[in-house]
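**Q** One structure follows; several queries about it will come next.
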Amino acid sequence: MPLMGRRSPHARPAWAFDAPGYRWLWSHALASSLALTVESLSLGWLILQLTNSSFWVGAGAGVRGITQFLFAIPGGTVVDRVDRRKVLLTTRATVLIGVMTIALLVFHGKIRLWHIIAYMALSGFLASIENPGTAGLLYDVVGAERLMNAVALRFMAGSIVRIAGALAGGIIIDRLGVGSNFLIAAGAHLVGFGSLLLVKSPQTVLRAVEPLIDAATAGLRYAYQNNPIRQLLLLSLTIEGFGFSYLTMLPVMARDVLRVGGTGLGDLAAAGAVGQLVAAVLVASRGDVGQKGRLLVTAAFAFGLFVALFGISPVFVLSLALVAIAGASGVTYDSSMSTLVSTSVTDSMRGRVLGLYGSTIALNQLGGLVI
């Protein structure tokens with residue numbers, strides 16, 4: 001695999017686990033991925049049940065993306081000023097309460113579209129804080145050299161549970177009803193909260209002393225004047241807005257295009273996770289991958305190509321294969337991008353730049369609204 005460059009002399013598939021505390025961050029990634037998988041399947045499907053409208057599926061995702069985009073820069077500034085672990089504990093507890101509320105409303109037959117939209121707005125706001133907080137805490141725990149391996153291992157963990165969660169979630173929708181999936185998501189959020197409790201806050205956590213607005217402005221100026229960071233963020237804007245937004249429309253593709261129901265929806269999500277798992281294992285096995293920029297661009301091109309092919313495929317089996325390859329390309333892109341953004345900035349600016357990176361990720365939700 002020449003695109004991944006020379007293997008690190010310390011490369012081992014589980015290299016990042018040598019860092020104290022990483023195992024609990026990895027467990028947190030497992031739980032978070034399971035929760036997000038069943039939530040994503042269930043929210044889109046629930047909106048389709050309530051409205052029979054693909055527009056509202058995209059609009060719900062768009063609301064989440066708008067709130068995440070608007071608060072991403074302040075969120076990144078916050079995680080530069082406070083204990084990142086404590087912030088993540090707060091956001092995880094809040095989203096747990098939100099998911100339980102949705103579950104109770106579904107089981108009592110009281111769920112309405114505005115409830116779902118409100119929850120998606122809340123989750124977008126929390127993601128604007130949680131995404132840079134998680135990435136920053138990961139860097140604090142493992143350091144720069146092990147970061148690529150740590151990121152790939154987290155994606156690998158997420159892929160494993162996404163396969164199981166997607167398959168089970170689709171079957172549960174058809175046989176037990178969509179409400180049961182929200183109980184599963186709530187349980188996963190609770191496990192993620194417990195894992196974070198076991199992580200000790202690293203001594204390298206930095207706190208900015210300037211006023212919040214001045215700190216946010218300084219972060220914007222730093223990203224604009226730093227050419228590599230500026231290029232990475234522009235690429236992320238493009239890939240997130242026009243590529244990853246296809247995930248929002250999976251429920252519509254399953255029901256209205258491929259006509260395979262909830263179980264087929266789970267199969268599509270699981271196929272993408274299988275591709276992600278294979279790619280994550282390959283990236284993790286390389287240790288600190290060289291030529292990250294070249295790997296990033298190649299993966300981005302492949303991802304866009306196979307998402308486009310999935311969009312025109314009318315055959316379910318072919319669609320499964322295309323989604324799997326898109327998943328593999330996507331996780332290779334994500335691993336490279338996350339590592340390059342985290343390692344190309346100073347310690348004092350990391351949270352703010354990761355907040356900006358998080359604002360570009362929000363565009364995959366806004367892209368769903370456009371679709």
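**Q** Do you know which residues across region 288-319 are within 22 Å of the chain's Cα centre (by Cα) and at pLDDT below 85?
**A** Asp288, Val289, Lys292, Gly293 - these are the residues of region 288-319 that are within 22 Å of the chain's Cα centre (by Cα) and at pLDDT below 85.
**Q** Could you say whether any residue in region 44-52 is in contact (Cβ under 8 Å) with a residue 40 or more places away in the chain, over 28 Å from Met156 (Cβ atoms) and among the hydroxyl-bearing types (Ser, Thr, Tyr)?
**A** yes
**Q** Return the only residue of Thr101, Thr134 being at pLDDT 90 or above, among the polar types (S, T, N, Q) and part of a helix (DSSP H, G or I).
**A** Criteria check complete, one pass: Thr101.
**Q** Moving on to the next point. When you check Val78 against the structure, is it at pLDDT below 90, within 27 Å of Leu356 (Cβ to Cβ), of a type in the set (A, V, I, L, M) and in a helix (DSSP H, G or I), yes or no?
**A** yes
**Q** On to the next question. Restricting the search to region 112-149, which residues are farther than 21 Å from Ala72 by Cα and free of Cβ contacts under 8 Å to residues at least 24 places away in the same chain?
**A** Listed by number, the residues that qualify are Trp114, His115.
**Q** Taking Arg294 and the conditions (1) of a type in the set (D, E, K, R); (2) more than 30 Å from Ala218 (Cβ to Cβ); (3) buried (at least 16 other Cβ atoms within 10 Å of the Cβ), which numbered condition does it fall short on, given that it satisfies the others?
**A** Only one criterion is unmet by Arg294, namely (3).
**Q** How many residues does region 12-68 hold that are surrounded by fewer than 18 Cβ atoms within 10 Å (Cβ to Cβ), among the hydroxyl-bearing types (Ser, Thr, Tyr) and assigned to a helix (DSSP H, G or I)?
**A** Going through region 12-68 one residue at a time, the tally reaches 1.
**Q** Kindly indicate whether any position in region 90-98 is small (Gly, Ala, Ser), under 15 Å from Glu39 (Cβ atoms) and either in a helix (DSSP H, G or I) or touching a residue at least 40 places away in the same chain (Cβ under 8 Å) (or both).
**A** yes
Yes/no matrix, rows are residues, columns are (1) among the basic types (Lys, Arg); (2) surrounded by fewer than 24 Cβ atoms within 10 Å (Cβ to Cβ); (3) closer than 26 Å to Val252 by Cα:
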site	(1), (2), (3)
Tyr333	no, no, yes
Met337	no, no, no
Leu340	no, yes, no
Asp347	no, yes, no
Arg352	yes, no, no
Gly355	no, no, no
Gln365	no, no, yes
Val370	no, yes, yes
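**Q** Within region 144-195, how many residues are open to solvent by 20 Å² or more (accessible area, probe 1.4 Å) and not polar (S, T, N, Q)?
**A** Number of matching residues: 26.
**Q** While we're looking at this one, here's another question. Might you let me know whether region 273-286 holds any residue that is modelled with pLDDT under 80 and more than 20 Å from the chain's Cα centre (by Cα)?
**A** Yes, region 273-286 contains at least one residue that is modelled with pLDDT under 80 and more than 20 Å from the chain's Cα centre (by Cα).
**Q** Moving on. Residues in region 99-111 that are free of Cβ contacts under 8 Å to residues at least 60 places away in the same chain and either open to solvent by less than 20 Å² (accessible area, probe 1.4 Å) or charged (D, E, K, R) (or both): how many?
**A** 1
**Q** Can you find a residue in region 114-121 that is crowded, with 24+ Cβ neighbours inside 10 Å and touching a Phe, Trp or Tyr at 6+ places or on another chain (Cβ under 8 Å)?
**A** no
The values are calculated or read from the model by the stated rules, or taken from the named source; none is laboratory data. Note that the structure is predicted; figures quoted are calculated from it, not measured. Positions of Cβ are generated from backbone atoms using ideal geometry, with glycine treated the same way; all protein chains shown enter the neighbour counts. All accessible areas refer to the heavy atoms of the entire protein, side chains included, with ligands and DNA or RNA removed. Shrake-Rupley method; radii C 1.70, N 1.55, O 1.52, S 1.80 Å.
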